[in-house]
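For reference, the structure discussed in these notes is given below.
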Amino acid sequence: MAPFPITNRPPNPNGGAMIFGLQVLLVILVPILDDGGLLTPLPYLAVLIGVLAVTVFLLGYGRTAAAIAIGGGGVLALVSLVGGEDGPMRLLQWIALMLAGTTTVALTLKTAFAAGVPSVQRIFCGAAGYVMLGFLFGAIHGLVGLLVGDGYVVQSGIEAARAVHWSDYLWLSFATLTTAGFADVVSVGPLPSAVSTLEALAGILFPATLIARIASLADRDRGA
């Protein structure tokens, strides 16, 4: 998704490090704000929208950041007033998060792979983009779980039989993205398995592509 075209502010020179720090914060807050429910708690969603908006702002896209903050905040306010248990509200919430998340990932990776970006900034943006992919695929797993009721299962023998919580989708996503494959939460059926396969491929190909890009730009700079 392309950003809004009018933005003349240059990226923050230390933006990459701050963006990566915000992603680490999101990971740390999962066990802190996890209420054990099936749906993502609103406080975590509010922090998530804030992190996405700040990330885009640090990358230099001020108007896009404002759109994410206002649009995402408005959807969360509506969900908190109406209630997010029913299907339409959950779907609206997912669409808003996917639009904001996809835009943020695209702009972060654009910076990581762009020419003329300092190496340190590129590495931090690449690492942050990698973590963002984990959250993005976690949201996709959550949507698939909403559409396919029994598409994800907590393995018996690891925990007592229970429904899959919101944090389980994130755990599965990062375990798949990093190819750790702990298998305490597993995908079942064609669609969930296809999403997991695509995420595993992204987890392997993305670091290799980023390293190759950094190496090629370094060779070009030395030859200039």
Name every residue in the range 54-64 that is open to solvent by 10 Å² or more (accessible area, probe 1.4 Å) and among the small types (G, A, S), in order of residue number.
G62
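Let's see how each residue does on (1) surrounded by fewer than 20 Cβ atoms within 10 Å (Cβ to Cβ); (2) in contact with a Leu (Cβ under 8 Å, 6 or more places away or on another chain):
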site	(1), (2)
V154	yes, no
R162	yes, no
W166	no, yes
L172	no, no
T176	no, no
S196	no, yes
A200	yes, yes
I204	yes, no
P207	yes, no
Does L136 count as in contact with a Lys or Arg (Cβ under 8 Å, 6 or more places away or on another chain) and either of a type in the set (K, R) or open to solvent by less than 70 Å² (accessible area, probe 1.4 Å) (or both)?
no
Out of A128, A106, A115, A100, report the one residue that is open to solvent by 30 Å² or more (accessible area, probe 1.4 Å), under 28 Å from N14 (Cβ atoms) and out of contact with any Pro (no Cβ under 9 Å at 6 or more places or on another chain).
A115
So for the range 141-164 (the condition being closer than 26 Å to L58 by Cα and among the aliphatic types (A, V, I, L, M)), does at least one residue qualify?
no
Given the conditions (1) among the β-branched types (V, I, T); (2) in contact (Cβ under 8 Å) with a residue 60 or more places away in the chain; (3) over 30 Å from V154 (Cβ atoms), report the number of the one that I70 does not fulfil.
(2)
Which residue is modelled with the highest pLDDT, if the candidates are limited to the range 14-48 and must be among the β-branched types (V, I, T) and crowded, with 22+ Cβ neighbours inside 10 Å?
I19
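The values are calculated or read from the model by the stated rules, or taken from the named source; none is laboratory data. Because the structure is predicted, anything quoted here is derived from the model rather than measured. Here Cβ is always computed from backbone atoms with ideal geometry, including for glycine, and neighbour counts include all displayed protein chains. Remember, those area values only see protein heavy atoms, side chains included, never the ligands or the DNA or RNA. Shrake-Rupley method; radii C 1.70, N 1.55, O 1.52, S 1.80 Å.
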